[in-house]
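Visitor: Pasting a structure here, questions to come.
Please treat every number below as a calculation from the coordinates, not as lab data. Treat the numbers as computed from the prediction; the structure is a model and nothing was measured. Please note: Cβ atoms are built from the backbone with ideal geometry, for glycine as well, and neighbour counts cover all protein chains shown.
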Amino acid sequence: MRAVIAITLFTLLSPLSHGADDNQGKRLYTMYCTQCHGVHGNGLGVNSSRMSVQPRSHIEREEMMARSDEELFKVIQQGGKSIDKSNLMPAWGDNLNEEEISALVAHLRQLCCEENGNE
Amino acid sequence: MQIKYLSTLMALCLSFITGYSHGAPADKVAELCGSCHALERPDYEAQGREERFSRKAPPLYFAGNKYRQEWLAAFLQAPYPLYPSGYFPESKLQDTADGDIPNENDLVTHLQLSESDASEVTDYLMNLQPYTEMLSQDNYSEGKVSLRMGTLDFRKFKGCDACHQDSEDNGGFSGPILYDAWSRLQPHYISAFLKNPLQWDPNTIMPVPQMNEQAVHKLVDYLKAIGETE
């Protein structure tokens, strides 16, 4: 019985759980990220063809797993320069609050690393 | 009392003859513009981010603080696409093997107005000025920047061209084109918006630029420089 409660609580509290957070992350991704990173997160957004540095594909598991959640949070909040990447990735820390950035990080993890994440 | 009735009757006759009633310009603007553009400040606090998803076009409730009157009147008579891939996030994109591209067939064509309608709508919109006080605090004054340095700044140092075009053949597709910005927008608006886009629109998808006032003014001067060479 305790195990069932523990698993239920873990599922409800996990940032990667499917639910309101995930939907929020997906909506925010559509609004702020797809222009460059693509509607499917493959890095081929509508702006990408003219960009001097290509946006990261968020569906490449290996590359994305090389980044910690903290790094993803930081690059969204403070921009590409904060992790020695391109300044074409802007800092969204004034536009988005921390809860929203966390929701985006959770969505990125879904895109890269969960089955059907980029649908 | 008779005078009151007489003046009411005259007003009614006048409105019948001209087709206008007292509230007609507002009604006309609401009818022509209101289905896509916000004419009053949205309740951002209540709607949150979902407000952006319900938008079809930029809000116009501060049009008189934003646009140049002569540009607005001309645009309404001969509109052209300001957002090359449509207005995000409702933009219609086509997913191809080479990446996302604007779906030309789904891009909304702006309504084209007659000269008289354009004039009437422009007059009405230019009176929407809730942020005059805020703009009066902006201290931009026109300066000069060399095209070479301005281009480097816009493209390489600030990365604005990821989303915005500073010429027809350079820059991204999601943001509004900027090679017409100087003729379209009031200089103080450009400056104030660049300093803090969120002050104008909490749901803007323009990131807040991390730059000081001098750097903002240089960018405005660059938009002036490219606008004047167009």
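Visitor: Can you list residues whose amide H is under 5 Å from B:Gln94's amide H, if they're 5+ apart or on another chain and H is modeled 1.01 Å from N?
Guide: It is B:Ile101, B:Asn103, by chain and number.
Visitor: Explain nothing, just compute: Karplus ³J(HN,Hα) = 6.51 cos²θ - 1.76 cosθ + 1.60, θ = phi - 60°, for every residue of segment A:33-45 in order, whole Hz, x for Gly and Pro.
Guide: 10, 5, 3, 9, 8, x, 5, 9, x, 8, x, 10, x
Visitor: Can I ask one more? Once the cut-off is 22 Å, how many percent of the Cα-Cα pairs in segment B:132-230 end up in the long-distance tail?
Guide: Numbers: 1021 of 4851 pairs.
Summing the P(r) tail past 22 Å for segment B:132-230 gives 21 percent.
Visitor: Hey, what did chain B get for relative contact order, percent, Cα under 8 Å, at least 6 apart?
Guide: Numbers: 270 pairs, mean separation 45.7, N = 230.
With pairs under 8 Å counted, the relative contact order is 20 percent.
Visitor: Turning to a different aspect of this structure: Would you work out the charge dipole size for segment B:132-230 about its Cα centre, treating the Cβ of every Lys and Arg as +1 and the Cβ of every Asp and Glu as -1, and quote it to the nearest 20 debye? Write out the running numbers ahead of the final one.
Guide: Details: 9 positive and 14 negative charges, 62 e Å.
That gives segment B:132-230 a dipole magnitude of about 300 debye.
Visitor: Enter the mean number of other protein chain beta carbons within 10 Å of the beta carbon of each residue in B:70-83, as an integer. Can you show the working numbers first?
Guide: Numbers: counts 0, 0, 0, 0, 0, 0, 0, 0, 0, 0, 0, 0, 0, 0.
Mean number of neighbouring Cβ atoms from other chains: 0.
Visitor: Please average, across the residues of B:207-213, the number of beta carbons from any other chain that are within 10 Å of each residue's own beta carbon, and give a whole number. Don't skip to the end; give the middle numbers.
Guide: Details: counts 10, 6, 3, 8, 0, 0, 0.
Across the residues of B:207-213, the mean count of other-chain Cβ atoms within 10 Å is 4.
Visitor: Can you tell me, using C-alpha contacts under 8 Å and at least 6 residues apart, the relative contact order of segment B:132-230 as a whole percent?
Guide: Numbers: 111 pairs, mean separation 33.7, N = 99.
Normalised by residue count, the contact order of segment B:132-230 is 34 percent.
Visitor: Work out from phi, with θ = phi - 60° and the Karplus expression 6.51 cos²θ - 1.76 cosθ + 1.60, the ³J(HN,Hα) of each residue of segment A:70-85, listed in order in whole Hz, and give x for Gly and Pro.
Guide: Each residue's phi maps through the Karplus curve to give 5, 5, 4, 4, 5, 5, 5, 6, 10, x, x, 4, 5, 10, 6, 10 Hz.
Visitor: Take the Cα atoms of chain B, find their three principal axes, and give me the spread along each one in whole Å, biggest first.
Guide: In descending order, the Cα extents are 72, 45, 38 Å.
Visitor: I need the P(r) histogram for segment A:18-113: all alpha carbon pairs, bin width 5 Å from 0 out to the longest distance, whole percents.
Guide: Result returned by the calculation: 3, 14, 25, 30, 22, 6, 1, 0.
Visitor: Please determine, in degrees from 0 to 90 and to the nearest 10, the orientation of helix B:2-18 with respect to the longest principal axis defined by the Cα atoms of chain B, where the helix direction is its Cα long axis.
Guide: Result, in degrees: 50.
Visitor: Still on this structure, please answer the following. Cross-link partners among aspartates and glutamates for B:Lys224, C-alpha distance below 15 Å, same-chain residues fewer than 8 apart left out?
Guide: Partners found: B:Glu142, B:Asp153, B:Asp166, B:Asp180.
Visitor: How big, on average over all directions, is the shadow cast by the Cα convex hull of the protein assembly as shown, in nm²? All intermediate terms of the calculation are to be shown ahead of the outcome.
Guide: Working: hull surface 99.0 nm².
Average projection, Cα convex hull of the protein assembly as shown: 24.7 nm².
Visitor: Peptides B:34-45, A:45-56: what's the order by average Cβ count within 10 Å, highest mean first? Walk me through the intermediate numbers first.
Guide: Numbers: B:34-45: 13.4, A:45-56: 19.8.
Per-residue mean Cβ counts within 10 Å order the peptides as A:45-56, B:34-45.
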